[in-house]
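The values are calculated or read from the model by the stated rules, or taken from the named source; none is laboratory data. Nothing here was measured: the structure is a model prediction, and the numbers come from that model. Cβ: placed from backbone, ideal geometry, glycine included. Neighbour counts: every protein chain shown. Heads up: the accessible areas ignore ligands, DNA and RNA and are worked out on the full protein's heavy atoms, side chains in. Shrake-Rupley method; radii C 1.70, N 1.55, O 1.52, S 1.80 Å.
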Amino acid sequence: MSDSTYDGDGFFGEPVAAGYDDAVSDWFRPEVVGAAVDVLAGLAGGGRALEFAIGTGRVALPLAQRGVPVHGIDLSRAMVSRLRAKPGGDAIEVTMGDIATTRVAGTFSVVYLVFNTIMNLTTQDAQVECFRNAAAHLSPAARSSSR
């Protein structure tokens with residue numbers, strides 16, 4: 001993990017992380033996750049993917065298993081600890097920080113967030129900054145193809 005200046009877990013500390021993967025939502029079903037991973041792998045087109053709020057790796061791990069290099073940003077060390085404990089989780093790079101403002105090196109073919117993650121940014125300004133941050137991470141080819 002990088003960004004050693006970050007030291008908080010936000011709303012997603014150990015009590016939430018401990019049961020996060022046990023959620024019963026339809027969004028967590030393997031066929032739903034698999035369909036999302038299919039789309040993301042296609043969008044990555046052989047390039048790198050950046051997941052905002054990577055959490056426990058519910059989407060990032062199967063995407064990485066398909067050969068897409070994945071990097072993540074997350075606020076919660078507890079959630080990322082759960083990611084690290086899963087097979088392949090230690091191979092995914094994660095930068096600790098806020099998805100609205102944290103930058104990582106390089107560019108990506110696709111930048112994504114899933115489920116209701118955008119709602120964790122509780123102001124419109126923060127949500128706009130998140131989309132600006134996503135755009136800033138996209139490679140020139142990805143930016144031109146998204147128009």
* To do: Counting only heavy atoms of the protein chains, get the accessible area per residue of the stretch 22-147 (1.4 Å probe) and round it to a whole Å² value.
  => 50
* Asked: In whole Hz, what ³J(HN,Hα) sequence does the stretch 88-100 give by Karplus (6.51, -1.76, 1.60; θ = phi - 60°), x for Gly and Pro?
  -> x, x, 6, 8, 8, 6, 9, 10, 7, x, 7, 5, 7
* **Amide H contacts of Leu75 (H built 1.01 Å from N, under 5 Å, at least 5 apart or other chain)** => Gly97
* Structure fact -> Between the modelled labels at Asp38 and Gln124 (7 Å from Cα along Cα→Cβ) the distance in nm is 3.7
* What residues qualify as long-range amide H neighbours of Val111, i.e. H under 5 Å apart, gap of 5 or more or another chain, H built at 1.01 Å from N? -> Leu50
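What order do you get for 119-125, 56-62, 108-114 when each peptide is scored by the mean count of other beta carbon atoms within 10 Å, highest first? Could you put the intermediate results ahead of the total?
Details: 119-125: 12.0, 56-62: 23.1, 108-114: 21.6.
Output ranking for 119-125, 56-62, 108-114: 56-62, 108-114, 119-125.
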* Structure fact -> Share (percent) of C-alpha pair distances in the stretch 37-147 greater than 23 Å works out to 22
